[in-house]
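Asker: Sending over a structure as structure tokens; questions will come in a sec.
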Amino acid sequence: MTTSSRRWSGEWGHDAPPPESVEVDVLIPTIGRAAELAVTLAGLAAQDAPAFRVVLSDQSTDAAATAHPAVNAMLRVLRAQGRPVDLLRHAERRGLAEHRQFLLDRSSAPAVLFLDDDVWLEPTALQRMHDALRELRCGFVGQAVQGLSYLDDRRDHERHAFELWDGDVVPERVRPGTSAHDRWPLHNAANLAHAAAELDIPPAGWRAYRIAWVGACVLFDRAALIACGGFDFWRDLPESHAGEDVVAQWRVMERFGGAGILPSGAVHLESPTTITDRRVEAADVVLARP
């Protein structure tokens, strides 16, 4: 009987794996998104492998997100499956980059998945990312989130820069004005869903492609991310900023390489963004330094 069938047949209460056997720490920063967070956790509960721990940091007023009944129900499911769950309260807000660094500092697994609190993962999505990271031996892999309300909105003109990796993933330098930066429209709407449909990818298989960056669902080799400084640049940024994930990925890509993988099993819930002040792009500040 598979792990999945054991879980859903009611054989709950598995012991949590020892810390050294956890292969992925799933790091989720959240603020004021109880409904979306519950869906995100439900997606994690549908993953069979690899062994993972959930580290959830709530900046909501009075920890409102993690106090919601639906969120608590999914946390109980994860724990009943034997998944370690750490709930953290990080009330002082110093910006997105600091919150991500806060989570990274509390991780210990060989790989860390930064997962936004409005993303549903289809079953096997985490396994595909983990397999790809080990096989490609690069700094990170990502599954770009898809807006499925756009399935009938084909944007072939935004896919002109799509290019599969042929062979090893090698380091790249991405900056505005480079050809690599021109890949950013690939992740608009449901472009990757359309791209994946045109490729002959076997069940449980995946293909790696070249990216500008990946938002909301990125699995890092933890040692590579730390070697590149993680999100230590948060001190150089005002509290209100955006694009901190881009800076971290570009720094890792320059030393270790990074890739997106298809098919993407990451679905964007298409809720309104909670980051409304985007006047400061982290890359404009951090990467402008000598």
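Throughout, read-outs are computed from the coordinates displayed, never taken from laboratory work. If you're wondering where the values come from, they're calculated on a predicted model, not measured in any experiment. Heads up, the Cβs are rebuilt from the backbone with ideal geometry, glycines too, and the neighbour counts pull from every protein chain shown.
Asker: List every DSSP H helix in the chain whose Cα atoms extend 15 Å or more along the helix's own long axis and whose mean Kyte-Doolittle hydropathy is at least 0.5.
Answerer: Flagged H segments are 34-45, 69-80.
Asker: How much FRET efficiency would the formula 1/(1 + (r/R0)^6) give for LEU88 and GLU198, where r is the Cβ-Cβ distance and R0 is 51 Å, rounded to 0.05?
Answerer: For R0 = 51 Å, the calculated efficiency reads 0.75.
Asker: Mind telling me which of HIS187, HIS130, HIS68 comes out most flexible in a GNM of the chain, alpha-carbon contacts under 10 Å?
Answerer: Of HIS187, HIS130, HIS68, the most mobile in the Gaussian network model is HIS68.
Asker: Explain nothing, just the number: relative contact order of the chain, from Cα pairs under 8 Å at least 6 residues apart, as a whole percent.
Answerer: On the way: 584 pairs, mean separation 66.6, N = 290.
Once normalised by length, the contact order is 23 percent.
Asker: Then there is this: By how many nm would the segment from ARG155 to LEU287 lengthen if fully extended, with 0.36 nm per residue of separation less the alpha-carbon distance? Please report the intermediate quantities before stating the final value.
Answerer: Values: separation 132, 0.36 × 132 = 47.52 nm, distance 3.11 nm.
Gain on stretching ARG155 to LEU287: 44.4 nm.
Asker: Now, a different point. Estimate the FRET efficiency between GLU163 and THR61 by the formula 1/(1 + (r/R0)^6), using the beta-carbon distance for r and 51 Å for R0, to the nearest 0.05. Display every interim value, and only then the final one.
Answerer: Numbers: r = 45 Å, r/R0 = 0.88.
That gives a FRET efficiency of 0.70.
Asker: In whole angstrom, note down how far apart the Cα centers of region 227-277 and region 130-192 are.
Answerer: Between the Cα centres of region 227-277 and region 130-192 lies a distance of 14 Å.
Asker: Taking the chain as a Gaussian network, Cα atoms linked when under 10 Å apart, which of ARG137, ARG222, ARG89 shows the biggest mean-square fluctuation?
Answerer: ARG89
Asker: What FRET efficiency comes out for the pair GLU122/ALA73, r = Cβ-Cβ distance, R0 = 30 Å, nearest 0.05? Don't jump to the answer; show the numbers that get you there.
Answerer: Numbers: r = 20 Å, r/R0 = 0.67.
With R0 = 30 Å, the Cβ-Cβ based efficiency is 0.90.
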